[in-house]
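The values are calculated or read from the model by the stated rules, or taken from the named source; none is laboratory data. Please read all numbers here as calculations on a predicted model, not as lab measurements. In this analysis, Cβ positions are derived from the backbone assuming ideal geometry, glycine residues included, and neighbour counts consider all displayed protein chains. For accessibility, only protein heavy atoms count, side chains too; no ligands or nucleic acids. Shrake-Rupley method; radii C 1.70, N 1.55, O 1.52, S 1.80 Å.
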Amino acid sequence: MSGMVRTPTDLRPNRLRDVARHGHGPAAPIGLGVALGGGFARGFAHLGVLQVLEENLIPISCIAGTSVGSILGTAYASGISLARIAAVCRGIRFRDFGRWRLSRLGLASNHRLGELMRRCFQARTFEDLLVPTAVVSTDLGTGEPFVFTSGELAEAIRASCAFPGLFEPVQAGGRCLADGGLVAPVPTQAARALGARCVLGVSVGFNHWSGEAPANLFQVVCRAVSAAQKHQTESWTGSADILLEPDVRGLDWDDFQHADEAIAAGAAAARAALPRISRLLRRTESLQPKPRPRACVEDRGPQGITLP
């Protein structure tokens, strides 16, 4: 996964990722801020959403990710093709990112996830990414979100994916960090903080209730966390202009072998939302202030100050 795979159906115009390179603010290019939520294997639906945005030449101005959304979002922002990301996802298994290691803080370690990111990503730090990106984790010392926007990617992603009760928390910068889904199931607020005018949220974690009782300890923890999140949606839905909920009800957290099914669900949800996305971008673009002409240096006297 170290190189770009380019096929006729996989090539994307540079502007799809480069739209955000010129910074934020009133003159920044219009595009979608994409907020990708957590959900383990169900999160592969995010790839279907990104695929449809590419196919329809919808520019992405920034990406914010929680848990699996942080992995896929940063992989995409690093320049890896969606075809290559999907190929890796089809073969992923728990042993590739986790190792059972009973401790007083968790049942497993996700150090292997960091190693996987270092092997596969085309970027090592946030500063290397092609699109401004935020990775959300939870500070277990304060109960507040801790958002990474700079520094090493592997550390940030490990923290965002440290699901409580399963993976040990990640120690970073004197903080004890766990899964970002505890405080930002879909990181729409982080996308806004990056400067996004239009935010598309993708949620894959709440629509899998089947009425059946959990079958193991991990399902108990997952259901408990999801139940709490289900009734606290106002904190993040209010920052989304459009919220997608791909139909991944048939997939469990570890159904990695069903990646194509999740990707198809994400693509279907995105295609259905294309008219709304187009209207949102047109409306936002129409409200963008037109830049004023810059004054010439000679017009400002001996100091040569140029006003915007």
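Once segment 239-254 is narrowed to residues that are open to solvent by less than 30 Å² (accessible area, probe 1.4 Å) and either part of a loop (DSSP other than H, G, I, E, B) or at pLDDT below 95 (or both), the residue that is nearest to residue 166 (Cα to Cα) is 251. Screening segment 136-189 for residues that are open to solvent by 40 Å² or more (accessible area, probe 1.4 Å) and without any contact (Cβ under 8 Å) to a residue 24 or more places away in the chain and picking the one that is farthest from residue 66 (Cα to Cα) gives 174. Here residue 279 meets the list (1) modelled with pLDDT of 85 or more; (2) within 21 Å of the chain's Cα centre (by Cα); (3) part of a helix (DSSP H, G or I) almost entirely, failing just condition (2).
Among the residues of segment 54-81, the ones that are of a type outside the set (Ser, Thr, Tyr) and surrounded by 24 or more Cβ atoms within 10 Å (Cβ to Cβ) come to 12 in all.
For segment 108-128, a residue qualifies if it is of a type in the set (Asp, Glu) and modelled with pLDDT under 75, and exactly one does: 115. Of all the numbered requirements in (1) modelled with pLDDT under 90; (2) closer than 18 Å to residue 149 by Cβ; (3) open to solvent by less than 20 Å² (accessible area, probe 1.4 Å), residue 23 misses one, and that requirement is (3). Look at (1) open to solvent by 30 Å² or more (accessible area, probe 1.4 Å); (2) more than 30 Å from residue 281 (Cα to Cα); (3) modelled with pLDDT under 85 and you find that residue 230 fails only one, number (2). Scanning segment 235-258 for residues that are of a type in the set (A, V, I, L, M, F, W, C) and in contact with a strand residue (DSSP E or B) (Cβ under 8 Å, 6 or more places away or on another chain) gives 236, 240, 242, 243, 244.
Residues considered: 307, 287. Of these, the only one that is in contact with a Lys or Arg (Cβ under 8 Å, 6 or more places away or on another chain), modelled with pLDDT under 75 and hydrophobic (A, V, I, L, M, F, W, C) is 307. Note on segment 126-135: residues that are open to solvent by less than 40 Å² (accessible area, probe 1.4 Å) and over 12 Å from the mean Cα position of the chain (by Cα) amount to 2. So which residues in segment 128-150 are of a type outside the set (S, T, N, Q) and over 15 Å from residue 63 (Cβ atoms)? Selection gives 139, 140, 141, 143, 144, 145, 146.
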